[in-house]
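Taking it in order: structure first as structure tokens, then the write-up.
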Amino acid sequence: MLYQELQALYDLPLFDLLKRSRDVHDAHWNDNEIQLCTLLSIKTGGCSEDCSYCAQSARHSSGLQIERLMDKDAVMERAKLARDSGSTRFCMGAAWRGVRSGTKRFEQVLDIVRDVSALGMEVCTTLGELGPEEALQLKEAGVTAYNHNLDTSREHYPNIVTTHTYDDRLRTIRNAQDAGMSVCCGGILGLGETPEDRLKMLEVISEFNPQPESVPINSLMPMPGTPLEEGKDPVTVFELVRMIAIARIAVPKAKVRLSAGRTQLSEEAQAMCFFAGANSIFYGDKLLTAKNPSIQKDLDLIKQLGLSAKQPNPNLNAPETSCEKPLSPCCS
Ligand code: SAM
Ligand code: DTB
Ligand code: SF4
């Protein structure tokens, strides 16, 4: 979707925007379902990158306990618990710059993915940078979606991260798509960006070919010891709702995931986000390192709103690439 179109949506009175996003939502998602996704940090902290929001960067003093790659049995135990608590998607995150084919740790991850994918949940991984070969190997092992966020606009990105570039991010996304994985790509609100930056990020994301399968919208959780520990201007609920509504319209077939930061949101605010078009959440009391609402709280909220938890879909296929639209900059 073009920047001007996104800007026009952004400029609408909130209720007019909500009416538009709700119509788009109903046209594509006639089910009142919320997807429940469980996150697990399979390798925590000690990351070489300098993302200024992240507690896992070795360049900040967050005091986070570094943990080596978990062994397969421990991951399987957590994955089974996730499935038994109603999650239909299991997302494994690792604090790495990226992975390389042929290394012991990547072989270990592939081995974990093979077993987790037999449990009947969608399997998402977020391991940092991927080349074409690594992407193919993950796809073959059973990964259904690869999470790699753009986080903000191209212009604001260097203010947030200096150890890799926006183009590096786009290249990994291209590699994941070329390998046949669905892509999960979104961002963080509250990094000191302008509304223009947020819309520019959504412009890039909505122009992916194919569009991402899911779009996580995180609100900054200020982590002690990081450059953003004091937070920037906090994002208001209405700004968050606006971005969710615009994401729903710009990427109509994607799951729009109300992601990090829900502990700071009231139930009423979350309800508004669901009305605006969010239809997925991270579920379980921990994200990667930060807190998330409890399972019981989320189940109660879903029930109170007359929504229901999405049922398993182990046969998720990546959307077909059609090259009618202009390719994202990383395709050239
Ligand atoms: N290392 C991989 C990478 O950078 O893609 C995967 C893990 S990284 C923690 C995944 C995403 O979590 C980031 O892109 C960012 O959107 C989100 N995230 C990390 N720390 C956050 C924080 N303090 N508040 C909100 N979102 C955060
Ligand atoms: C995403 O967009 N948000 C998740 C997931 N993808 C990997 C991670 C949120 C991390 C929040 C901070 C933490 O737990 O350290
Ligand atoms: Fe490392 Fe990912 Fe955190 Fe950046 S966001 S420091 S790449 S774990």
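Throughout, read-outs are computed from the coordinates displayed, never taken from laboratory work. For clarity, every value in this text was computed on a predicted model and none was experimentally measured. Heads up, the Cβs are rebuilt from the backbone with ideal geometry, glycines too, and the neighbour counts pull from every protein chain shown.
Descriptive notes on the structure:
- Helical mean residue ellipticity (222 nm; -39500 (n - 2.57) per DSSP H run of 4+; nearest 500) of the chain: -11000 deg cm²/dmol
- About its Cα centre, the dipole of the chain is roughly 520 debye, where the only charges are +1 on Lys and Arg Cβ and -1 on Asp and Glu Cβ.
- Cα gyration tensor category, rounded, prolate or oblate, for the chain with a/c compared to 1.5: rounded
- Sorted on the mean count of surrounding Cβ atoms within 10 Å across their residues, most packed first, peptides 41-52, 56-67 read 41-52, 56-67.
- Share, in percent, of DSSP beta bridges within the chain that are antiparallel, nearest 5: 5 percent
- Listed pairs LYS43/LYS255; LYS80/LYS291; LYS253/LYS310; LYS104/LYS286; LYS19/LYS286; LYS72/LYS255 exceeding 24 Å between Cα atoms: LYS43/LYS255; LYS104/LYS286; LYS19/LYS286; LYS72/LYS255
- Toward the positive end of the charge dipole of region 1-145, with +1 on the Cβ of Lys and Arg and -1 on the Cβ of Asp and Glu, the farthest Cα among SER52, TRP29, THR88 is that of SER52.
- Listed by Cβ neighbour count within 10 Å, with the fewest neighbours leading, VAL116, VAL75, VAL237 appear as VAL237, VAL75, VAL116.
- Going from the residue with the fewest nearby Cβ atoms within 10 Å to the one with the most, TYR166, TYR146 rank TYR166, TYR146.
- Counted by neighbouring Cβ atoms within 10 Å, the residues TRP96, TRP29 run from fewest to most as TRP29, TRP96.
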